[in-house]
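Single-structure report; data block below.
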Amino acid sequence: MKKVLEELHNQIKELSPVARLMAVSKTHPYCAIEEAYGLGERLFGENKVQEVESKFPKMEDRASDMDVHLIGHLQSNKVKKAVTLVNSIDSVDSLKLLRQINKRAQEANIVMNVLLEYNTSGDENKSGFDSYTSIKEALIESKNMENICVNGLMTLGPLAVSENETKASFNLLKDISIRLVDETGVKLKELSMGMSGDYKIALECESTIIRVGTKIFGHRDYSKK
Ligand SMILES: *Cc1c(COP(=O)(O)O)cnc(C)c1O
(Lines give C-alpha, C1' and ligand atoms only; values in the text may rest on other atoms or scores of the structure.)
Protein backbone atom coordinates (compact mmCIF):
# COMPACT_ATOMS: atom_id res chain seq x y z
CA MET A 1 0.00 0.00 0.00
CA LYS A 2 2.85 2.36 0.83
CA LYS A 3 4.26 2.24 -2.69
CA VAL A 4 0.91 2.83 -4.36
CA LEU A 5 0.19 5.80 -2.13
CA GLU A 6 3.58 7.30 -2.89
CA GLU A 7 2.97 6.83 -6.60
CA LEU A 8 -0.45 8.48 -6.35
CA HIS A 9 0.89 11.44 -4.40
CA ASN A 10 3.69 11.90 -6.90
CA GLN A 11 1.21 11.92 -9.77
CA ILE A 12 -0.97 14.42 -7.95
CA LYS A 13 2.03 16.67 -7.32
CA GLU A 14 2.94 16.52 -10.95
CA LEU A 15 -0.48 17.00 -12.53
CA SER A 16 -2.43 19.11 -10.08
CA PRO A 17 -0.68 20.19 -6.89
CA VAL A 18 -3.89 21.40 -5.21
CA ALA A 19 -5.75 18.10 -5.55
CA ARG A 20 -6.26 15.76 -2.61
CA LEU A 21 -6.47 12.00 -2.48
CA MET A 22 -9.55 10.33 -1.05
CA ALA A 23 -8.97 6.71 -0.09
CA VAL A 24 -12.20 4.87 -0.90
CA SER A 25 -12.33 2.12 1.70
CA LYS A 26 -15.77 0.60 1.06
CA THR A 27 -15.94 -3.17 1.68
CA HIS A 28 -12.45 -3.14 3.20
CA PRO A 29 -11.95 -3.72 6.93
CA TYR A 30 -11.08 -1.01 9.41
CA CYS A 31 -7.52 -2.35 9.77
CA ALA A 32 -6.90 -1.37 6.13
CA ILE A 33 -8.11 2.15 6.92
CA GLU A 34 -5.81 2.30 9.93
CA GLU A 35 -2.93 1.22 7.74
CA ALA A 36 -3.65 4.02 5.26
CA TYR A 37 -4.05 6.47 8.15
CA GLY A 38 -0.68 5.36 9.49
CA LEU A 39 0.81 6.14 6.08
CA GLY A 40 -0.54 9.68 6.19
CA GLU A 41 -3.98 9.41 4.56
CA ARG A 42 -6.67 11.48 6.26
CA LEU A 43 -9.55 11.56 3.79
CA PHE A 44 -11.71 8.44 3.40
CA GLY A 45 -14.75 7.68 1.28
CA GLU A 46 -17.50 5.19 2.06
CA ASN A 47 -20.65 4.33 0.14
CA LYS A 48 -23.05 3.20 2.82
CA VAL A 49 -24.19 4.71 6.09
CA GLN A 50 -24.59 1.24 7.55
CA GLU A 51 -21.03 0.33 6.73
CA VAL A 52 -19.62 3.50 8.29
CA GLU A 53 -21.63 2.77 11.41
CA SER A 54 -20.48 -0.83 11.75
CA LYS A 55 -16.85 -0.31 10.72
CA PHE A 56 -15.63 3.00 12.12
CA PRO A 57 -15.45 4.08 15.74
CA LYS A 58 -18.01 6.73 16.68
CA MET A 59 -17.17 10.19 15.40
CA GLU A 60 -16.00 11.39 18.84
CA ASP A 61 -13.70 8.37 19.20
CA ARG A 62 -11.97 8.82 15.83
CA ALA A 63 -8.71 10.66 15.37
CA SER A 64 -9.85 14.28 15.11
CA ASP A 65 -8.14 14.74 11.74
CA MET A 66 -9.77 11.69 10.15
CA ASP A 67 -12.14 13.00 7.50
CA VAL A 68 -14.82 10.54 6.42
CA HIS A 69 -17.10 11.36 3.50
CA LEU A 70 -20.18 9.57 2.23
CA ILE A 71 -19.93 9.13 -1.54
CA GLY A 72 -22.78 6.69 -2.23
CA HIS A 73 -26.46 7.42 -2.78
CA LEU A 74 -28.13 8.39 0.50
CA GLN A 75 -31.67 7.23 1.21
CA SER A 76 -34.03 9.54 3.11
CA ASN A 77 -34.46 7.16 6.00
CA LYS A 78 -30.70 7.17 6.67
CA VAL A 79 -30.15 10.92 6.71
CA LYS A 80 -30.59 11.26 10.47
CA LYS A 81 -27.90 8.67 11.10
CA ALA A 82 -25.61 9.94 8.35
CA VAL A 83 -25.24 13.41 9.87
CA THR A 84 -23.80 11.86 13.04
CA LEU A 85 -21.37 9.57 11.25
CA VAL A 86 -19.60 11.47 8.47
CA ASN A 87 -17.85 14.81 8.02
CA SER A 88 -19.31 15.42 4.58
CA ILE A 89 -22.00 14.03 2.29
CA ASP A 90 -20.55 14.25 -1.21
CA SER A 91 -23.40 12.54 -3.05
CA VAL A 92 -26.33 14.94 -2.63
CA ASP A 93 -28.42 14.33 -5.73
CA SER A 94 -31.71 16.17 -5.12
CA LEU A 95 -33.12 19.29 -3.51
CA LYS A 96 -35.37 17.09 -1.39
CA LEU A 97 -32.34 15.30 0.07
CA LEU A 98 -30.58 18.60 0.68
CA ARG A 99 -33.60 19.85 2.67
CA GLN A 100 -33.67 16.65 4.72
CA ILE A 101 -29.97 16.92 5.52
CA ASN A 102 -30.45 20.55 6.59
CA LYS A 103 -33.30 19.55 8.89
CA ARG A 104 -31.42 16.69 10.51
CA ALA A 105 -28.23 18.72 10.82
CA GLN A 106 -30.23 21.41 12.56
CA GLU A 107 -31.61 18.84 15.03
CA ALA A 108 -28.06 17.61 15.65
CA ASN A 109 -26.88 21.19 16.02
CA ILE A 110 -24.17 20.91 13.38
CA VAL A 111 -23.40 22.38 9.96
CA MET A 112 -23.09 19.57 7.42
CA ASN A 113 -20.61 19.84 4.60
CA VAL A 114 -21.92 18.60 1.28
CA LEU A 115 -21.06 18.32 -2.38
CA LEU A 116 -23.77 18.28 -5.04
CA GLU A 117 -23.52 15.33 -7.39
CA TYR A 118 -24.10 16.00 -11.06
CA ASN A 119 -24.75 13.35 -13.67
CA THR A 120 -22.30 14.38 -16.39
CA SER A 121 -22.52 11.20 -18.45
CA GLY A 122 -26.25 11.18 -19.17
CA ASP A 123 -26.34 7.58 -17.98
CA GLU A 124 -29.82 7.07 -16.53
CA ASN A 125 -28.57 4.48 -14.06
CA LYS A 126 -26.33 7.02 -12.41
CA SER A 127 -27.59 9.33 -9.71
CA GLY A 128 -27.00 13.04 -9.56
CA PHE A 129 -28.76 16.21 -10.65
CA ASP A 130 -29.42 15.82 -14.34
CA SER A 131 -30.01 19.38 -15.46
CA TYR A 132 -28.32 22.70 -14.92
CA THR A 133 -31.63 24.23 -13.85
CA SER A 134 -32.20 21.68 -11.11
CA ILE A 135 -28.71 21.94 -9.60
CA LYS A 136 -28.82 25.74 -9.73
CA GLU A 137 -32.19 25.76 -7.98
CA ALA A 138 -30.78 23.57 -5.20
CA LEU A 139 -27.68 25.72 -4.82
CA ILE A 140 -29.72 28.90 -4.58
CA GLU A 141 -32.00 27.41 -1.95
CA SER A 142 -28.97 26.15 -0.01
CA LYS A 143 -27.93 29.74 0.60
CA ASN A 144 -30.81 29.96 3.07
CA MET A 145 -30.06 26.66 4.77
CA GLU A 146 -28.23 27.49 7.97
CA ASN A 147 -27.07 23.94 8.62
CA ILE A 148 -25.67 23.19 5.18
CA CYS A 149 -22.39 24.23 3.62
CA VAL A 150 -22.06 23.39 -0.08
CA ASN A 151 -18.35 23.08 -0.88
CA GLY A 152 -18.47 21.96 -4.48
CA LEU A 153 -19.54 19.35 -7.00
CA MET A 154 -18.95 15.68 -7.57
CA THR A 155 -19.39 13.41 -10.56
CA LEU A 156 -18.79 9.86 -11.71
CA GLY A 157 -17.12 9.62 -15.07
CA PRO A 158 -18.69 7.35 -17.69
CA LEU A 159 -17.32 3.81 -17.48
CA ALA A 160 -15.58 1.91 -20.25
CA VAL A 161 -15.51 4.70 -22.78
CA SER A 162 -12.81 6.56 -24.65
CA GLU A 163 -10.53 9.02 -22.94
CA ASN A 164 -12.23 11.83 -24.84
CA GLU A 165 -15.65 10.97 -23.47
CA THR A 166 -14.27 10.85 -19.95
CA LYS A 167 -12.59 14.19 -20.51
CA ALA A 168 -15.83 15.67 -21.82
CA SER A 169 -17.62 14.53 -18.70
CA PHE A 170 -15.03 16.08 -16.35
CA ASN A 171 -14.85 19.29 -18.36
CA LEU A 172 -18.62 19.55 -18.20
CA LEU A 173 -18.49 19.43 -14.39
CA LYS A 174 -15.82 22.12 -14.35
CA ASP A 175 -17.85 24.35 -16.70
CA ILE A 176 -21.00 23.88 -14.63
CA SER A 177 -19.10 24.78 -11.49
CA ILE A 178 -17.74 27.98 -13.03
CA ARG A 179 -21.19 28.97 -14.28
CA LEU A 180 -22.84 28.23 -10.92
CA VAL A 181 -20.29 30.31 -9.02
CA ASP A 182 -20.86 33.11 -11.47
CA GLU A 183 -24.65 32.99 -11.31
CA THR A 184 -25.25 32.21 -7.63
CA GLY A 185 -22.26 33.73 -5.84
CA VAL A 186 -21.72 30.50 -3.88
CA LYS A 187 -18.04 29.62 -3.57
CA LEU A 188 -17.59 26.10 -4.96
CA LYS A 189 -14.02 25.07 -4.33
CA GLU A 190 -14.19 21.31 -4.72
CA LEU A 191 -14.46 19.27 -7.90
CA SER A 192 -14.58 15.62 -6.81
CA MET A 193 -13.90 13.56 -9.90
CA GLY A 194 -11.70 10.66 -10.97
CA MET A 195 -11.41 7.06 -9.70
CA SER A 196 -8.79 4.30 -10.07
CA GLY A 197 -9.39 4.04 -13.82
CA ASP A 198 -9.58 7.70 -14.76
CA TYR A 199 -7.95 9.79 -12.05
CA LYS A 200 -5.11 10.97 -14.28
CA ILE A 201 -7.58 12.44 -16.76
CA ALA A 202 -9.47 13.99 -13.84
CA LEU A 203 -6.30 15.63 -12.51
CA GLU A 204 -5.65 17.10 -15.93
CA CYS A 205 -9.20 18.49 -15.84
CA GLU A 206 -8.51 20.24 -12.51
CA SER A 207 -10.10 17.78 -10.13
CA THR A 208 -9.52 18.76 -6.50
CA ILE A 209 -10.41 15.37 -5.00
CA ILE A 210 -9.70 12.06 -6.67
CA ARG A 211 -11.55 9.10 -5.17
CA VAL A 212 -9.36 6.03 -5.38
CA GLY A 213 -10.39 2.62 -4.05
CA THR A 214 -9.20 -0.43 -5.97
CA LYS A 215 -5.74 0.93 -6.71
CA ILE A 216 -5.04 1.45 -3.00
CA PHE A 217 -6.93 -1.36 -1.29
CA GLY A 218 -7.20 -3.99 -4.02
CA HIS A 219 -10.30 -5.52 -5.53
CA ARG A 220 -13.52 -5.52 -3.59
CA ASP A 221 -15.09 -8.78 -2.52
CA TYR A 222 -18.83 -8.17 -2.25
CA SER A 223 -19.62 -11.82 -1.55
CA LYS A 224 -18.55 -11.45 2.08
CA LYS A 225 -21.03 -8.70 2.81
C1 LIG B 1 -16.21 2.82 -5.33
C2 LIG B 1 -16.20 4.25 -5.70
C3 LIG B 1 -15.00 4.91 -6.04
C4 LIG B 1 -13.66 4.19 -6.15
O5 LIG B 1 -13.63 3.38 -7.27
P6 LIG B 1 -12.31 2.57 -7.71
O7 LIG B 1 -12.54 2.27 -9.13
O8 LIG B 1 -12.26 1.38 -6.84
O9 LIG B 1 -11.16 3.48 -7.48
C10 LIG B 1 -15.06 6.26 -6.31
N11 LIG B 1 -16.22 6.94 -6.26
C12 LIG B 1 -17.38 6.36 -5.93
C13 LIG B 1 -18.62 7.16 -5.89
C14 LIG B 1 -17.41 4.99 -5.65
O15 LIG B 1 -18.57 4.42 -5.34
key: Two-site label geometry, Val111 and Lys80: point separation in nm, points 7 Å out along Cα→Cβ   = 2.6
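What FRET efficiency comes out for the pair Gln11/Thr214, r = Cβ-Cβ distance, R0 = 22 Å, nearest 0.05? Provide the component values of the computation, followed by the final result.
Details: r = 16 Å, r/R0 = 0.71.
Result of the calculation: an efficiency of 0.90.
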query = Lys pairs in segment 2-104, Cα-Cα under 15 Å, at least 8 apart or on separate chains: how many?
reply = 13
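So between Cys31 and Val18, what do we pick up on full extension, going 0.36 nm a residue minus the alpha carbon distance? Mind dumping the intermediate values first?
Values: separation 13, 0.36 × 13 = 4.68 nm, distance 2.83 nm.
Stretched fully, the Cys31-Val18 segment lengthens by 1.8 nm.
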ask   = Can you tell which of Met66, Met193, Met22 shows the greatest fluctuation in a Gaussian network model of the chain with Cα springs below 10 Å?
value = Met66
note = the chain, Gaussian network, Cα under 10 Å: of Leu21, Leu191, Leu39, the residue fluctuating most is Leu39
ask   = Rounded to the nearest 500 deg cm²/dmol, what is the calculated helix-only ellipticity per residue at 222 nm for the chain, with -39500 (n - 2.57) per DSSP H run of length n ≥ 4?
value = -12500 deg cm²/dmol
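Per residue, how much accessible area does segment 1-64 show when a 1.4 Å probe rolls over the protein heavy atoms, in square angstrom? Working shown, then result.
Values: 3500 Å² over 64 residues.
Here the per-residue accessible area is 55 Å².
Over the chain, with every protein chain in place, what whole percent of the accessible area is carbon and sulfur at 1.4 Å, could you tell me? Walk me through the intermediate numbers first.
Working: 5350 of 11260 Å².
Carbon and sulfur atoms account for 48 percent of the accessible area of the chain.
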ask   = For segment 1-104, how big is the tail of P(r) above 16 Å, as a whole percent of Cα pairs?
value = 59
ask   = So what's the net charge close to Ala23: Lys and Arg +1, Asp and Glu -1, counting the other residues with Cβ under 11 Å from its Cβ?
value = +1
Heavy atoms of Asp61 accessible to a 1.4 Å probe, total area in Å² rounded to 10 = 110
inquiry  = List residues of segment 162-195, by number, whose backbone nitrogen lies under 13 Å from a label position 7 Å along Cα→C-beta of Glu124.
reply    = none
inquiry  = Can you give me the distance in nm between label points at Lys103 and Arg62, each placed 7 Å from the Cα along the Cα-to-Cβ direction?
reply    = 2.5
remark   = Rg/Rh of segment 2-220 (Cα atoms, Kirkwood Rh), to two decimals, equals 0.94
task = Between Ser134 and Glu204, take the C-beta separation as r, use R0 = 30 Å, and let me know the FRET efficiency to the nearest 0.05.
result = 0.60
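The values are calculated or read from the model by the stated rules, or taken from the named source; none is laboratory data. Worth saying up front: this structure is predicted, and the values here are computed from it rather than measured. All Cβ positions, even for glycine, are placed from backbone atoms using ideal geometry, and neighbour counts span all protein chains on display. Heads up: the accessible areas ignore ligands, DNA and RNA and are worked out on the full protein's heavy atoms, side chains in. Shrake-Rupley method; radii C 1.70, N 1.55, O 1.52, S 1.80 Å.
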